[in-house]
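The values are calculated or read from the model by the stated rules, or taken from the named source; none is laboratory data. Bear in mind that the values here come from a model prediction, so they are computed numbers and not experimental data. Because the Cβ atoms are built from the backbone with ideal geometry, glycine has one as well, and the counts that use them run over all protein chains shown.
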Amino acid sequence: MQKRRLGSSGITVSEICLGTMTFGSSCDEAEARRIMDRAYDAGIDFFDTAEMYPVPPDAKYVHQTEEIVGRWLKEKPRESLIIATKVAGAAHAWFEPPVRHGKTTLDRHSIRTAIEGSLRRLQTDYIDLYQTHWPDHDFGYEETLEALHELHEEGKVRVIGSSNENAWGAMKALQVAREQGFRRYETIQNNFSILNRRFEDSLAEICRREGMSCLPYSPLGGGVVSGKYNQSQLPENARFSRYLNAGERQQTMARRFVNERSLSTTAELMELAKELDLDPVTLALAWSKQHDWVASTIVGANTVEQLEPSLKAAEVKLSDETLERIDAITKRHPYPMG
């Protein structure tokens, strides 16, 4: 497993990161432990979670993912692992998260409250990468970055990062950090996949020029690239199969991921993968990790078996010809996720 640096920090991580967002909901603790053991044995040393997990967000089982990871982490040498977690963004931004009774913000009080809870649940005294789960552009960055800087000075956080950030927010945060002498965001964890290449429009250039790293989540387009939604019937118990029968927000998300353009793109990628004798999952992850501004691609699994094609991506380097063919496919179906 190759290693890459998180931004300009001193931390290097495996180029594949294990995401844990279903641990405690669609993936029970016993299977979650087997998945984490398999990832660890394969050389993955980077694990990502959040105070709000598991998904879909629900007050009935909020925080359980960190608790599961924490119990597992207690059995491993702490310094052998890089642990990332997140503080929930502002409740008024896009939905009301099931933490702090829906009164989440990115002020000093919320950040302090959030990290103390995460440290307790993860059974550790420091977080390697602490991220804002989504930004609050109207609130600004001064107090947020100052609070995160203080946590770094106290040794509770090694590196800070953002998630679901846009180009303006990334540059604004860098400006504030420079002007105020605060620790800066070294990473941006955003949705990035063959089905959603919008990160390349502007954020990739910021990463290159500012020495920041992208941590792509949903590199399989929410599982769509696996081909499971290209069947005649929706797969049982799959995330977007459930979402299409859930609330309005979940239905909107499902239609964004599963639509005519995304399925057409996936069909062509499946043909290419077959020609290369690769699983479509392996192809998509190999493509993701070959971007120079990507530090580690976040993969998820509900079973150990689902993890295997993701692990194989560590051994695959796509040729220039294959990369060009993928570009041609995505040009025929531009922005399939809207």
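Results, tabulated for the structure shown:
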item	result
Residues of the range 35-66 satisfying the condition of being over 17 Å from the mean Cα position of the chain (by Cα), of a type in the set (D, E, K, R) and closer than 23 Å to R242 by Cβ	D58, K60
Of all residues in the range 74-101 being out of contact with any strand residue (DSSP E or B) (no Cβ under 7 Å at 6 or more places or on another chain) and not in a loop (DSSP other than H, G, I, E, B), the one that is surrounded by the most Cβ atoms within 10 Å (Cβ to Cβ)	R100
Some residue of the range 222-239 being in contact with a Pro (Cβ under 7 Å, 6 or more places away or on another chain), over 28 Å from I83 (Cβ atoms) and free of Cβ contacts under 8 Å to residues at least 12 places away in the same chain	yes
Some residue of the range 152-166 being touching a Phe, Trp or Tyr at 6+ places or on another chain (Cβ under 8 Å), crowded, with 21+ Cβ neighbours inside 10 Å, of a type in the set (S, T, Y) and modelled with pLDDT under 95	no
The range 9-29 - residue that is under 24 Å from T113 (Cα atoms) and assigned to a strand (DSSP E or B) and, of those, farthest from the chain's Cα centre (by Cα)	F23
Condition met for A147 (touching a residue at least 12 places away in the same chain (Cβ under 8 Å), closer than 23 Å to P97 by Cβ and either part of a helix (DSSP H, G or I) or of a type in the set (F, W, Y) (or both))	yes
Residues (surrounded by 15 or more Cβ atoms within 10 Å (Cβ to Cβ) and in a helix (DSSP H, G or I)) located in the range 134-144	E143, T144
Some residue of the range 86-98 being within 17 Å of F23 (Cβ to Cβ), out of contact with any Cys (no Cβ under 6 Å at 6 or more places or on another chain) and either β-branched (V, I, T) or free of Cβ contacts under 8 Å to residues at least 12 places away in the same chain (or both)	no
In the range 196-218, residue surrounded by the fewest Cβ atoms within 10 Å (Cβ to Cβ) [restricted to those that are in contact with a Phe, Trp or Tyr (Cβ under 8 Å, 6 or more places away or on another chain) and not in a helix (DSSP H, G or I)]	R197
Identity of the residue in the range 30-44, part of a helix (DSSP H, G or I), in contact (Cβ under 8 Å) with a residue 40 or more places away in the chain and in contact with a strand residue (DSSP E or B) (Cβ under 8 Å, 6 or more places away or on another chain), that ends up farthest from K312 (Cα to Cα)	A32
Test: residue in the range 124-133 that is at pLDDT 95 or above, charged (D, E, K, R), farther than 24 Å from I68 by Cα and surrounded by fewer than 23 Cβ atoms within 10 Å (Cβ to Cβ)	no
Flag if G169 is at pLDDT 95 or above, small (G, A, S) and in a loop (DSSP other than H, G, I, E, B)	no
